[in-house]
Amino acid sequence: MYEPVLLKNVNMPDGHLLSTYEAGGGYRGLAKALKEFTPDEIVELVKRSNLRGRGGAGFPTGMKWSFVPKRADRPKYLCCNADEGEPGTFKDRIVMERDPHQLIEGMAISAYAIGAEVAYVYIRGEYVLAIRRLEQAIAEAKAKGYLGTGILGSDFNFVVHVHCGAGAYICGEETAMLDSLEGKRAQPRLKPPFPAVAGLYASPTVINNVETLVCVPHIVARGADWFRGIGPEKSPGPKLYCVSGQVRKPGLYELPMGIPLRELVEDHAGGPQPDRKIKAVIPGGVSAPVIPEQGLDVGMDFDSLAAVGSMLGSAGVIVVDDTTCMVKIATRIIEFFHHESCGKCTPCREGLNWVVKVLRRIEAGAGAPGDMEQLDMLCKGIFGNTFCALGDGAAMGLRASLAHFREEFVAHIEERRCPFH
Amino acid sequence: MVTMREKIEQAAARYPDQRSAIMPALLIAQRVHGHLPGPVLEEVAEILGVERIWVYELATFYTLFHTEPVGRFHLQLCDNVSCMLRRSEDLLMHLESALGIKKGGTTEDGLFTLSTVECLGACEMAPVMQVGDDYYGNLDIGRIDALLARLHALAPHGTGADPFAAERPGEERHV
């Protein structure tokens, strides 16, 4: 039986209060980090733990930190990406609402490691309760000396500011987030320079996801070997899985990285609703290519999902049963990406508009011969040709739907109607 | 009573560059005014001492900013995949007929605006809708009707931004 680590406080009443967090051993990781480790040793520890970024890309966190120049003539910044917008994903919201101190502790240790004294939490504006709880927690932590100057008797100074987003999925892309933080329209930047060298206000900046940061105190408290001992060695650790859609028990589940998708959906989340069968599962938010039912034995980790042509992404697991039309889902997903395209580059801005038109007419029973080929051609024109991963995610997802459920699309065109209506 | 100008100046102190404070300032201004007409945008630019075009471009780029008036209670129903799979379309149809408006519309008395929105990040309680500061999840037609009745009852007093603030004593508003 797996014992939750990241969600330990989440299910406790008043889990958001400092007293609850401290009673459960909270801020001991920070005390240990400041007392027993130099900043470089924390970076090495996190490298050895094999922690990989939980925002979607799975980049090794310790390595990302090590790219920050040791000596810089500008202040360094830590940014927490809490702009959770990938459809099907809600883990960061729940953590911030119910255990905000865990995030603050993770940020404090991470800032100590990279030499930052200021952090911004970029949190989506819709998350009003999470914003409120985080601001209360920051005030409590400041009053108790976990934030501020000379933290816990050390010479480490650190403040956290909350920055509310205003509704733009693209802000989850880290360089778009930086532009947004600088008060501009959120559009991705050309890389290099990478944020570690020139990020926020052209200063060295590390951007980490909420879930990545909350892993850090536990790595300090329990050690890198403990973390590496959970799940696959190359992609280890405790993991938050968001399960939603047509399943009996939607919810947030903490389990080891690498758990089989089938076990997650059928055992933990209770399987399909009565008299229904699972048809497909999107394993990592709508950017992640769909997996048909027969592929559910795959492990939920970065490498196993990549090996079957999908991705772990944000671990937003969306379950689709046999009563649902895959063309309708594909259409809704592309409508989302089209709406959220920032407009900077043509393949994404114009290509997705075109794809939406073709998909809508197929779903409406007005598909034309040649539409399948046109969709294939559009995916080819978008994938690999866009400024950031938004266009790639849209094209990859659509390609998987076209590959695994081609007969459903063709049936719509041939029968001139949606067979599910 | 803290004025809008003071709130904006407090928020701006968190940043080394005033331009970064435009977004927080617009969120504050929208709470005060309900929406962001031209004169409010110009006031924000003046308070922060930034170019007016910088303020305008943010107010029109980000979806949470409204340059046109919205109803006192803004019903924002998620219709992204997880909510769609749990029949948010039925709820939209019901809301449209109960309010006598189409999505995107506002009732004649100015009380309700009905919108569909992209994923609210609460798929565990799909289908979900945001009204003011609060999320309402696991919705069905009965719960929608009960919520509409509560909002109607509240119409003479509560504020649009946070209709049920009184039910959460002790919780600070974030702006």
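The values are calculated or read from the model by the stated rules, or taken from the named source; none is laboratory data. Treat the numbers as computed from the prediction; the structure is a model and nothing was measured. Note: ideal-geometry Cβ built from the backbone for every residue, glycine included; neighbour counts use all protein chains shown.
Worth a mention:
- If you go through segment B:93-115 and keep only what is among the small types (Gly, Ala, Ser) and outside any helix (DSSP H, G or I), you end up with B:Gly100, B:Gly104, B:Gly105, B:Gly110, B:Ser115.
- Against the numbered list (1) touching a helix residue (DSSP H, G or I) at 6+ places or on another chain (Cβ under 7 Å); (2) surrounded by fewer than 17 Cβ atoms within 10 Å (Cβ to Cβ), A:Leu18 comes up short only at (2).
- The set of residues in segment A:320-338 being facing another protein chain (nearest Cβ under 8 Å) and aliphatic (A, V, I, L, M) consists of A:Val320, A:Ile329, A:Ile333.
- Enumeration of residues in segment B:58-86 that are of a type in the set (S, T, N, Q), closer than 30 Å to A:Thr323 by Cβ and more than 8 Å from chain A (Cβ to nearest Cβ): B:Gln76
- When residues of segment A:341-386 are limited to those that are in contact with a Pro (Cβ under 8 Å, 6 or more places away or on another chain) and assigned to a loop (DSSP other than H, G, I, E, B), the one surrounded by the most Cβ atoms within 10 Å (Cβ to Cβ): A:Thr386
- Those helices (runs of 4 or more DSSP H) of segment A:1-62 in which 3 or more residues are among the β-branched types (Val, Ile, Thr) and either touching an Asp or Glu at 6+ places or on another chain (Cβ under 6 Å) or in contact (Cβ under 8 Å) with a residue 24 or more places away in the chain (or both) occupy A:39-49.
- Residues that are surrounded by 22 or more Cβ atoms within 10 Å (Cβ to Cβ) and either charged (D, E, K, R) or in a helix (DSSP H, G or I) (or both) within segment A:218-246 comprise A:His218, A:Ile219, A:Val220, A:Phe227, A:Lys239, listed in sequence order.
- Among the candidates A:Asp297, A:Asp301, residue that is surrounded by fewer than 19 Cβ atoms within 10 Å (Cβ to Cβ) and charged (D, E, K, R): A:Asp297
- Residue satisfying all of: in segment B:13-42; within 12 Å of chain A (Cβ to nearest Cβ) and free of Cβ contacts under 8 Å to residues at least 12 places away in the same chain; nearest to B:Leu64 (Cα to Cα) among these: B:Ser20
- Screening segment A:119-178 for residues that are of a type in the set (Asp, Glu) and not in a loop (DSSP other than H, G, I, E, B) and picking the one that is modelled with the lowest pLDDT gives A:Glu174.
- All told, B:Leu114 meets the bar of being more than 14 Å from chain A (Cβ to nearest Cβ) and either of a type in the set (A, V, I, L, M) or in contact (Cβ under 8 Å) with a residue 60 or more places away in the chain (or both).
- Of the residues A:Arg417, A:Arg399, the single one that is under 24 Å from the mean Cα position of the chain (by Cα) and either in contact (Cβ under 8 Å) with a residue 40 or more places away in the chain or farther than 22 Å from A:Glu293 by Cβ (or both) is A:Arg399.
- Hits in segment A:241-263 - residues which are within 14 Å of chain B (Cβ to nearest Cβ) and either over 22 Å from B:Pro127 (Cβ atoms) or at pLDDT below 95 (or both): A:Glu254
- Sole exception among (1) assigned to a helix (DSSP H, G or I); (2) of a type in the set (Asp, Glu); (3) over 18 Å from the mean Cα position of the chain (by Cα) for A:Glu97, by number: (3)
- Of the residues making up segment A:296-339, those that are in contact with a Lys or Arg (Cβ under 8 Å, 6 or more places away or on another chain), assigned to a helix (DSSP H, G or I) and under 23 Å from A:Gly58 (Cα atoms) are A:Phe302, A:Asp303.
- Here A:Gly88 passes the criteria (1) away from chain B (no Cβ under 13 Å); (2) within 26 Å of A:Asp179 (Cβ to Cβ) except the one numbered (1).
- Residue match in segment A:123-131 (condition: free of Cβ contacts under 8 Å to residues at least 24 places away in the same chain and within 24 Å of the chain's Cα centre (by Cα)): yes
- In the set (1) in a loop (DSSP other than H, G, I, E, B); (2) out of contact with any strand residue (DSSP E or B) (no Cβ under 8 Å at 6 or more places or on another chain), the condition left unmet by B:Ala149 is number (1).
- Residue within segment A:26-43 that is on the phi < 0 side of the Ramachandran plot, aliphatic (A, V, I, L, M) and exposed (fewer than 15 other Cβ atoms within 10 Å of the Cβ) present: no
- When we screen A:Arg98, A:Arg124 for residues that are out of contact with any Cys (no Cβ under 8 Å at 6 or more places or on another chain) and of a type in the set (Lys, Arg), the only hit is A:Arg98.
- Of the residues making up segment B:1-55, just one is part of a loop (DSSP other than H, G, I, E, B) and of a type in the set (Phe, Trp, Tyr), namely B:Tyr15.
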